[in-house]
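Below you'll find the structure, written out as structure tokens, and then a few comments.
The values are calculated or read from the model by the stated rules, or taken from the named source; none is laboratory data. Everything numeric here is computed off the predicted structure, so don't read it as measured data. Ideal geometry is used to build each Cβ from the backbone, glycine not excepted, and the neighbour counts take in all protein chains shown. Quick note on the areas: whole protein, heavy atoms, side chains included, nothing else; ligands and nucleic acids left out. Shrake-Rupley method; radii C 1.70, N 1.55, O 1.52, S 1.80 Å.
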Amino acid sequence: MLIDKKYILRFKGIQTPFYFYNIELLKETLQEIKREISFHKNYLVHYAIKANANPKLLQLIAQAGFGADCVSGGEIQRALKTGFSPSKIVFAGVGKSDWEINLGLDNDIFCFNVESEPELEVINELAKAKGKIASVAFRINPNIGAHTHANITTGLAENKFGIAMDDIERIIQKAERLSHVHILGLHFHIGSQILEMNDFIVLCQRINLLICQLKQNHHQLKHINVGGGLGIDYEQPDKHPIPNFSSYFNTYAKYLNLSDEQQLHFELGRAIVGQCGSLITRTLYVKQGATRQFIIVDAGMTDLIRPALYQAHHLIENLSSDGDLEKYDVVGPICESSDVFAKDILLPKTNRGDLIALHSAGAYGEIMASQYNCRPLPQNYTSEELSDVKP
Ligand SMILES: *Cc1c(COP(=O)(O)O)cnc(C)c1O
């Protein structure tokens, strides 16, 4: 079992479905990242809020000293409310609204990651109106295909994100002429759930080339932000509860040519929170179909959309039964054929009422929940909350 027995006892009295967060694992993961970056000079990690914006987790991540990577005004508000310092907030996104830019300016956030020339102009104008100087980095589209699901690659020329490599020189020159922006550096983010270090090596090589080229034309860039994207082990979360941060940071240390004055920023989301969360659901019915056997649970794609959206795999465990293995499809109650969590998996003989856990659901789980079919949003509990309660 991936979840301690003492918590499973508590689960019995709780309305399902709900997210359960293992706070000890989150803390260990944060400590491990801090330990690993301490071996490198000038490495800074921002947590990508969009992976999971649960305030209970955000407070811990902020307390541990991490910055925040935001992709909307709402995320900036959430980050500020949960204790992230504005001086450690970076703001990315292809379509920043005026109110979102103003919010960033009013709070003097560290950096706007600018994704187009018209956005640069608008930021300059809005900053001018406030008599402020906006700090900006340029998000570059490095045209790299990461080896991950097509819906979560972001660094290909055909993707909507970032500024093309060929345009960057001209845009930097333009920004240098604008009165109310200050150029901090460059930003990249090539995709998510990346497990091949070679994808990050290719990114490093692209960045080296670009820095070299820009240096020749006397553009000094103090900050390089390489985004996030480090993947987690969805197949065997029990064997790899904490991603290999050592090899991740060492890859950058080895392949990226930075000067002593340059700072390297990371924006990790999934790798920080992915493994600490599980979706806990109850078996409503076990139904024998014409050709297959279904476990119908009370969680659906409205609570965890990744399997429906990206054909994602989550390890599924029956927390209540240790009977003989049988073959099942695990499905939700939503009126959509894509509301399927797994097909043809082996689980102990399952009965109505059995608790089922979908593991590795801490990232892009609760935050993507919807109220489709007029369903209530899933509740959430931390291991700390459940240790205090008497059974
Ligand atoms: C989503 C996102 C991240 C985080 O991605 P993970 O795969 O969760 O690490 C980082 N930076 C930007 C700009 C993003 O959009």
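Here are the numbers:
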| quantity | calculated |
| --- | --- |
| Positive-end extreme of charge dipole, the chain - chosen from 163, 23, 218 (charges on Cβ) | 23 |
| Translational D in µm²/s for the chain (Stokes-Einstein at 10 °C, 1.306 mPa s, Kirkwood Rh from C-alpha pairs) | 72 |
| Value at 222 nm in deg cm²/dmol, rounded to 500, when DSSP H runs of n ≥ 4 in the chain each add -39,500 (n - 2.57) | -9000 deg cm²/dmol |
| Accessible surface, per residue, of the chain when the full set of protein chains is kept, probe 1.4 Å, Å² | 44 |
| Whichever lysines have a C-alpha closer than 28 Å to that of residue 34, once near sequence neighbours (fewer than 8 apart) are set aside | 50, 56, 81, 88, 222, 239, 254 |
| Sparse-neighbour loop sites [GluC sites (Glu not before Pro); segment 175-261; at most 15 other C-beta within 10 Å; DSSP] | 196, 235, 261 |
| Cα centroid separation, segment 62-105 to segment 244-311 (Å) | 22 |
| Whole-Hz ³J(HN,Hα) from phi, Karplus 6.51 cos²θ - 1.76 cosθ + 1.60, for segment 104-110, glycine and proline x | x, 5, 4, 9, 6, 5, 4 |
| Fraction of accessible area attributable to carbon and sulfur, segment 19-132 (%, probe 1.4 Å) | 51 |
| Antiparallel DSSP beta bridges within segment 208-365, as percent of all bridges there, nearest 5 | 75 |
| Listed peptides 180-192, 202-214 by packing density, highest first (mean Cβ within 10 Å) | 180-192, 202-214 |
| Binned Cα-Cα distances of segment 250-391, short to long, each 10 Å bin given as a whole percent | 10, 35, 28, 13, 9, 4, 0 |
